[in-house]
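The block underneath contains the structure these notes are about, expressed in structure tokens.
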Amino acid sequence: MAQTEKKGGLLRKSSASKKPLKEKVVLMYDEIFTTEDPSKCNPRFWEELFLMKVNLEYLEGKLEVLDGEELMKIKDNINCLFQHCIQALGEEHPIRVVNALQV
């Protein structure tokens, strides 16, 4: 039976024939690190993001590899992330508050 291994946001089956699967939260982080507005295709993007457990290791890794030029390209999405973190802190849902604090 194939075992599932979790490291760095990847969920990977030990079977060689399977492609590694990414956690949904990691896929959402990847959307933030594009030049497109992540909520453009999914209006509930930010609400869903703060309901998921934070993968700080993956998020920090993504931020660390960016140079100044790349960071400027996604500046709007990064600003939007922090704006939504601040909004989530004012919500009554404790999971959203905790996850917003961790991001």
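The values are calculated or read from the model by the stated rules, or taken from the named source; none is laboratory data. Values in this document were obtained by computation on a predicted structure and should not be read as measured data. Cβ placement follows ideal geometry from the backbone for every residue including glycine, while neighbour counts extend to all protein chains displayed. Heads up: the accessible areas ignore ligands, DNA and RNA and are worked out on the full protein's heavy atoms, side chains in. Shrake-Rupley method; radii C 1.70, N 1.55, O 1.52, S 1.80 Å.
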(request) Would you please give the residues with an amide H less than 5 Å from that of Leu21, counting only those at least 5 places away or on a separate chain, with H modeled from the backbone geometry? (result) Leu11, Arg12, Lys13
(message) Counting other C-beta atoms within 10 Å, and keeping those with at most 12, which DSSP coil trypsin sites (Lys or Arg not before Pro) do you find in region 31-71?
(response) Lys40, Arg44, Lys53
(request) Using label points projected 7 Å from each Cα along Cα→Cβ, tell me how many nm separate His93 and Ile78, to one decimal. (result) 2.7 nm
(request) Run the accessible area of region 24-102 with a 1.4 Å probe and give the carbon-and-sulfur part as a rounded percent. (result) 56 percent
(request) Can you work out the accessible area per residue across region 24-102, with the rest of the protein chains kept in place, probe 1.4 Å, in square angstrom? (result) 65 Å²
(message) What does the C-alpha gyration tensor say about the overall shape of region 24-102? Classify as rounded when a/c is under 1.5, otherwise prolate if a/b is larger than b/c, or oblate.
(response) prolate
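When only Cα pairs under 8 Å and 6 or more residues apart are kept, what is the percent relative contact order across region 24-102?
38 percent
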